[in-house]
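Visitor: First the structure, which I've put down as structure tokens, then a few questions once you've had a look.
Only the coordinates and a few stated rules stand behind these numbers; no lab work does. Owing to the predicted nature of the structure, the values given are computational and were not obtained by experimental measurement. Heads up, the Cβs are rebuilt from the backbone with ideal geometry, glycines too, and the neighbour counts pull from every protein chain shown.
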Amino acid sequence: MTPSDVPTMTWAEVRALRLRRHGLAEPFTGAGPADVAAATAGTHAQVMSAAELAIGSRLAGATRSDVRAALWEERSLVKTFGPRGTVHLLPARDLEKWVGALSPLTTGPGGFPPEVRLTPEQTEQVVAAIADALADAVLTIDELGDEVVGRTGPWAADLVMPAFQGRWPRWRQALHLAGMRGVLCFGPNRGRKVTYTDPRRWLPGFRPAQEGPALAWAVRGYLHAYGPSTPQRFANWLGAPVSRASEAFAALAGELRRVDVEGTPAWTADGTGTAAGEAAARSEAVPGVRLLPYFDGYSYRVGVPSPERLYPGAAAGRALAGNFQNLLVDGVVAGLWHQRRSGRRIDVTVEPFAPLSAAHRAALDEQVERVGLIMEGTPRLTIGRVTAGGHA
């Protein structure tokens, strides 16, 4: 394409497009929790209450009970290790393609020193042991550890991995890889303990898709949720080598379209920038206030190369300093927020980085009420400084 043929977009248009695609401009109607997870190419679930709020806030009239029912009763969602080996809620209908795209990926030696790492051979032994142990069982992490050590050797039990206030056994370095390869997913909690099982038990008929078609599917889904974007940003999001991501984009050259975002070349997979109606829709501003829970801020900024596009001014220093809950105002991060639950009461503290207009203040009140409805509690709002750290 010649420069004159390349459609152009502004970052404001990209923000507006993302708000709509993510259900943040208006909550989705006639949809379910799995549809939200599909629209955002997975929902971060390292903190389950944050995942419940992330999905609930994108569905009209939804509560955390709806998300829990979709996960543990209907099984339209599945909790497992997704992009970058991090815990996600994924649509069960898409798990075969997710595993097809993720299973060939290797994470390399990681950040551990040599004396801590699993060797490649040990990694394969651990993944095989996990698959064998979970084939007909639902196990807690301790039960799974006993099974893995019994099938591999005492080296797997060495307490060498730094973890919170203690150390984890060596074998747990491969836990996420087992999920990415489709031999492990989360089961329902046993009391306060997390459990794991085999996706084949959880979702009868499950069979991973072939890598090539699955990776092409992942590119399309990523670009719909986070585009326009590039192979390099896709690689960072998925946890794949840039070379493999570039190959995947090249394989789709006939259907991808280049756009220019304020001088930055990027690609889309769904005709963004081609139709006059789409151009008009994405050019419209999306005013309003949104409260993004933990990890949701990361999802919102995926694919944006320059943080200042979404984190202007004071937001760059505060909101990017850790995993905080973000206050969005008119599509940009304009503050932090924190919630503390005690029984049914939910104390919500919001720290705007600049004074809110009367309209934004009213919209914030509505958002706080929505948090209370989703989380099935009674919220109380305080405007003030957020003193809790990330993840607190």
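Visitor: Using label points projected 7 Å from each Cα along Cα→Cβ, tell me how many nm separate THR86 and THR106, to one decimal.
Guide: 2.4
Visitor: Give me the three principal axis extents of the range 209-364 from the C-alpha atoms, as integers in angstrom, largest value leading.
Guide: For the range 209-364, the Cα spread along each principal axis is 51, 36, 29 Å.
Visitor: Taking H as built 1.01 Å from N, whose amide H comes closer than 5 Å to the amide H of VAL261, not counting residues under 5 places away?
Guide: The answer is MET9, ALA266.
Visitor: Now for a separate question. VAL78's amide H: which non-local residues (gap 5+, or another chain) put their own amide H closer than 5 Å, with H modeled 1.01 Å from N in plane and none for Pro or chain starts?
Guide: The answer is LEU90, ALA92.
Visitor: Rank ALA334, PHE324, HIS360 by how far each Cα sits towards the positive end of the charge dipole of the range 289-383 (+1 on Lys, Arg Cβ; -1 on Asp, Glu Cβ) and give me just the farthest.
Guide: PHE324
Visitor: Now for a different question. Taking the alpha-carbon centroid of each part, what is the distance from the range 331-346 to the range 51-76 in angstrom?
Guide: Answer, in whole Å: 19.
Visitor: Please report Rg over Rh for the range 106-189, where both radii come from the alpha carbon positions and Rh follows the Kirkwood definition. Show your work: numbers first, answer last.
Guide: Values: Rg = 12.2 Å, Rh = 13.0 Å.
On the Cα set of the range 106-189, Rg over Rh gives 0.94.
Visitor: So what's the back-of-envelope 222 nm ellipticity for the chain, counting only DSSP H runs of four-plus at -39500 (n - 2.57) apiece and dividing by all residues, rounded to 500?
Guide: Values: 16 runs with 146 residues, N = 392.
About -10500 deg cm²/dmol.
Visitor: What angle do you read, to the nearest 10 degrees and between 0 and 90, between the alpha-carbon axis of helix 358-374 and the longest principal axis of the chain?
Guide: With both axes taken from Cα atoms, the answer is about 30 degrees.
Visitor: To continue, here is another question. Which cross-chain or sequence-distant (5 or more) residues have an amide H under 5 Å from the amide H of PHE28, H modelled 1.01 Å from N in plane?
Guide: Amide H to amide H, under 5 Å and 5 or more residues apart or across chains, PHE28 pairs with LEU59, ALA60.
Visitor: For the pair ILE141 and ARG380, what calculated FRET efficiency results from E = 1/(1 + (r/R0)^6), where r is the Cβ-Cβ distance and R0 = 41 Å, to the nearest 0.05?
Guide: The calculated FRET efficiency here is 0.70.
Visitor: Roughly speaking, what is the stretch gain from GLU247 to GLN232, that is 0.36 nm per residue apart minus the C-alpha to C-alpha distance, in nm to one decimal? Don't skip to the end; give the middle numbers.
Guide: Details: separation 15, 0.36 × 15 = 5.40 nm, distance 1.11 nm.
That pair, GLU247 and GLN232, stretches by 4.3 nm at full extension.
Visitor: Of all the Cα-Cα pairs you can form in the range 289-383, what percent are over 19 Å apart? Could the numbers behind the result be given before it?
Guide: Values: 1676 of 4465 pairs.
Tail fraction, whole percent: 38.
Visitor: If you plug each phi of the range 111-121 into the Karplus form 6.51 cos²θ - 1.76 cosθ + 1.60 with θ = phi - 60°, what whole-Hz ³J(HN,Hα) values come out, in order, with x for Gly and Pro?
Guide: Along the range 111-121, the couplings run x, 7, x, x, 6, 9, 5, 6, 6, x, 5 Hz.
Visitor: Separate question: Order these peptides, 33-40, 18-25, by their mean beta-carbon neighbour count within 10 angstrom, highest first. Can you show the working numbers first?
Guide: Working: 33-40: 23.2, 18-25: 20.0.
Descending mean neighbour count gives 33-40, 18-25.
Visitor: Let me ask you something else. Which three extents, in angstrom, do the Cα atoms of the range 22-125 have along their principal axes, listed largest first?
Guide: Between the extreme Cα coordinates on each principal axis of the range 22-125 lie 51, 26, 24 Å.
Visitor: Still on this structure: Take the chain, connect every pair of alpha-carbon atoms lying under 10 Å apart with a spring to form a Gaussian network, then pick out the residue of SER342, SER49, SER243 with the largest mean-square fluctuation.
Guide: Answer for the Gaussian network model of the chain: SER342.
Visitor: Using unit Cβ charges (K, R positive; D, E negative) and no other charged atoms, how large, in debye to the nearest 20, is the dipole of the range 289-383 about its Cα centre?
Guide: Numbers: 11 positive and 9 negative charges, 43 e Å.
The dipole of the range 289-383 has a size of about 200 debye.
Visitor: Per the Cauchy relation, a quarter of the hull surface: what is the mean projected area of the convex hull of the alpha carbons in the chain, in nm²?
Guide: Details: hull surface 80.9 nm².
The directionally averaged projection comes out at 20.2 nm².
Visitor: Under the 0.36 nm per residue contour assumption, what length would be gained going from the current alpha-carbon distance of ALA131 and ARG258 to full extension?
Guide: On the way: separation 127, 0.36 × 127 = 45.72 nm, distance 4.21 nm.
Contour length minus Cα-Cα distance gives 41.5 nm.
Visitor: Separate question: Which value, in debye to the nearest 20, gives the size of the charge dipole of the chain about its Cα centre, when Lys and Arg are +1 and Asp and Glu are -1 at the Cβ? Write out the running numbers ahead of the final one.
Guide: Values: 42 positive and 38 negative charges, 141 e Å.
So the magnitude is around 680 debye.
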